[in-house]
1. If we scan the stretch 65-79, do we find a residue that is in contact with a strand residue (DSSP E or B) (Cβ under 9 Å, 6 or more places away or on another chain), under 30 Å from W158 (Cα atoms) and surrounded by 13 or more Cβ atoms within 10 Å (Cβ to Cβ)?
2. Taking the criterion of being part of a loop (DSSP other than H, G, I, E, B), in contact with a strand residue (DSSP E or B) (Cβ under 6 Å, 6 or more places away or on another chain), outside the structural domain of M93 (by TED's automatic domain parsing) and modelled with pLDDT of 75 or more, would at least one residue in the stretch 164-180 satisfy it?
3. Tell me, please, whether a residue that is at pLDDT 85 or above, part of a strand (DSSP E or B), among the charged types (D, E, K, R) and closer than 22 Å to K50 by Cα can be found in the stretch 109-119.
4. Taking the stretch 182-220, which residues are over 23 Å from the mean Cα position of the chain (by Cα) and among the aliphatic types (A, V, I, L, M)?
5. Where residues in the stretch 244-269 are among the small types (G, A, S) and closer than 16 Å to T226 by Cα, which of them is farthest from the chain's Cα centre (by Cα)?
6. If only one of S86, S80 is under 24 Å from A196 (Cα atoms), of a type in the set (S, T, N, Q) and at pLDDT 95 or above, which one is it?
7. For the stretch 201-220, state whether one or more residues are part of a loop (DSSP other than H, G, I, E, B) and within 21 Å of G123 (Cβ to Cβ).
8. If you scan the stretch 215-257, which residues turn out to be among the aromatic types (F, W, Y) and at pLDDT 95 or above?
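The values are calculated or read from the model by the stated rules, or taken from the named source; none is laboratory data. Nothing here was measured: the structure is a model prediction, and the numbers come from that model. Cβ placement follows ideal geometry from the backbone for every residue including glycine, while neighbour counts extend to all protein chains displayed.
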Amino acid sequence: MSPRPGRSTRLIALAILGFLGATLLTAAPAAANTAPRITKATISTWLPVKTEGIIQWTPAFSYAARDDQGVTGFQVQRKSAPWSTSPTRRAKMSAAGYVWRADGSSTWLYPSRTSVRGLLDPGAVDCFRVRAKDAAGLTSAWTGWRCAHAPMRAAETWSWCCQPNLITGLHLDGSADGPAVAYVSTRFGTQRSNGAYCAKGVRVRVFKGPGQGKMNVFLGSSKVGTVSAWSRTSGWKWVTVRRSTDACGRVRLVPLTKAPVQMTRNYMLY
């Protein structure tokens, strides 16, 4: 006596499902072979002011990754913008290049090397990004760029020999913040930087208070933004002005009021 058709169909279906289930269970471990994951990529963003010794910075870009197969190497890329001391030599961000092994044999650094260092002069910027490779040859995506910015004090940014609106030794809050401030007021006119830049903006430290004023910031002929130092309370504050695209030329501080804007230092933004 032959089995009924309905029962036969159910048996065949169950057999197929059992086979597929066994196949999926066998293949499951392959899914664990994934690309590495970057777990750390850090550098100090705003470097502190130096007033003694060699005025340079060597910030460390530190990184780490995790992977089920084991990380076998890192690739690190760097791009940088130098300090400009001349209005005819514009500082701009370089193209990205690889950090090589010490012997120059490969851009894939040994997995034991988990940091690289930059070298910055005042006003310079160093940017890094990293990716990792595992034993199976899979690579992670690049991280975003992480940038370190070296500060410029007022006397390093603005001419200290020929402009009356640089006042040395002025510490409005009683601290040793720096040897000078740039004093921007309609009494003295526009203040121009020593160097020229192709950048997006600046981050400036100004003294705020009831007797403080306002200025516009330009890169070349392009306006970057407005800085207001007026406040009901007195003290120091940071102000960032930035464009969406690069502008080129000397940084110009154009006073809008007789009341001054007094700036101790600044960072260039790219």
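1. So far as the stretch 65-79 goes, yes, one or more of its residues are in contact with a strand residue (DSSP E or B) (Cβ under 9 Å, 6 or more places away or on another chain), under 30 Å from W158 (Cα atoms) and surrounded by 13 or more Cβ atoms within 10 Å (Cβ to Cβ).
2. No, there is no match, as no residue in the stretch 164-180 is part of a loop (DSSP other than H, G, I, E, B), in contact with a strand residue (DSSP E or B) (Cβ under 6 Å, 6 or more places away or on another chain), outside the structural domain of M93 (by TED's automatic domain parsing) and modelled with pLDDT of 75 or more.
3. Checking the stretch 109-119: at least one residue is at pLDDT 85 or above, part of a strand (DSSP E or B), among the charged types (D, E, K, R) and closer than 22 Å to K50 by Cα.
4. Once the filter is applied, which keeps residues that are over 23 Å from the mean Cα position of the chain (by Cα) and among the aliphatic types (A, V, I, L, M), the stretch 182-220 yields A182, V184, M215.
5. The selected residue is A259.
6. Unique residue meeting the criteria: S80.
7. For the stretch 201-220, residues part of a loop (DSSP other than H, G, I, E, B) and within 21 Å of G123 (Cβ to Cβ): present.
8. Keep residues of the stretch 215-257 that are among the aromatic types (F, W, Y), which gives 218, 230, 236, 238.
Scanning the stretch 215-257 gives F218, W230, W238.
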